[in-house]
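Asks: Handing you this structure, nothing more for now.
Here, each number is a calculation from the coordinates, and none is a lab measurement. Computed from a predicted structure; not experimentally measured. Methodologically, a virtual Cβ is constructed for each residue, glycine included, from the backbone with ideal geometry; neighbour enumeration extends over all protein chains shown.
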Amino acid sequence: RLRELAQGGALDTSLRVLLAKCLFYVAYNRNAALDHEGSLAAYAALIADPVLSRSTDSRILAYISHAKFNRALMLDRLHRHREAQAAFRDAADTHVDEELRRWAEYGAARMAARQHPPRAQGRLLIRFARRHAEDPEYASLVVSALIEAADVFREGGFHEHEERALQTLAARPNLGPERQLVERVITGRARGHSLTAHSVQVWGAPALAE
């Protein structure tokens, strides 16, 4: 009913924000229920809504931005990597939240890498890490990219490349809270174990001032 009213121009801004919130949670809850295709469709409906997609309200844009990121993540989990890459790029371009934009950039880089053989995958991830190596805002993502590159090299049997990725990781200065993760990865490799990078999580609804 809210969508019908919105399309008829009968909703004020606060009700349009409510509509965006409702559509977001329909998609979010379908994903929680493991209905991934249903979640994809619901996120797409929010993103393409003829009224909401034209809005300049920052609250509505936040819901759309989070929806784009989560839709990209669903495509990744369904192994639709080419579509996911485009969706992550779209999420990065529709940035209201700078942290989300950085994660979307990383997501696009990961999806681009997954469309290549193992050695090329690792190199593309290292390229992302080098591009952002000096930016403290990207610190956790650089660490994740290097860990994932090392994982890919190891799985592909490229052990010299794996060792170089780990050396680059160990040499990173000012790791802060990432230090513990890096130490676990290096120790795990020494013991013959593989530890993966940060898991990329579905984003909840944006925290908005009521």
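Asks: Round to the nearest 0.05 the FRET efficiency obtained for Arg80 and Val26 when R0 = 22 Å and r is the Cβ-Cβ distance. Could the numbers behind the result be given before it?
Replies: Numbers: r = 21 Å, r/R0 = 0.96.
That gives a FRET efficiency of 0.55.
Asks: Right, another one. Whole-Hz Karplus ³J(HN,Hα) for segment 145-160, in order, using 6.51 cos²θ - 1.76 cosθ + 1.60 and θ = phi - 60°, x for Gly and Pro?
Replies: These are the phi-based 3J(HN,Hα) values: 4, 5, 5, 5, 4, 4, 4, 5, 4, 5, 5, x, x, 9, 6, 5 Hz.
Asks: Mind ranking 157-166, 128-137 by how tightly packed they are, going by the mean number of other C-beta atoms within 10 angstrom, highest first?
Replies: By packing density, highest mean first, the sequence is 157-166, 128-137.
Asks: Between Arg172 and Ser53, what is the FRET efficiency for a Förster distance of 30 Å, r being their Cβ-Cβ separation, to the nearest 0.05? Intermediate results must be reported in sequence, preceding the final value.
Replies: On the way: r = 40 Å, r/R0 = 1.34.
Efficiency at R0 = 30 Å is approximately 0.15.
Asks: Summing +1 for each Lys or Arg and -1 for each Asp or Glu, what net charge is found among the other residues whose Cβ lies under 11 Å from the Cβ of Arg110? Before the final figure, lay out the partial values.
Replies: Values: positive: Arg114; negative: Asp76, Glu105, Glu148.
Surrounding charge for Arg110 is -2.
Asks: Count the net charge of all other residues whose Cβ sits under 11 Å from the Cβ of Ala120, scoring Lys and Arg as +1 and Asp and Glu as -1. Write out the running numbers ahead of the final one.
Replies: Working: positive: Arg114, Arg119, Arg123, Arg127; negative: none.
That sum, taken over residues with Cβ under 11 Å, equals +4.
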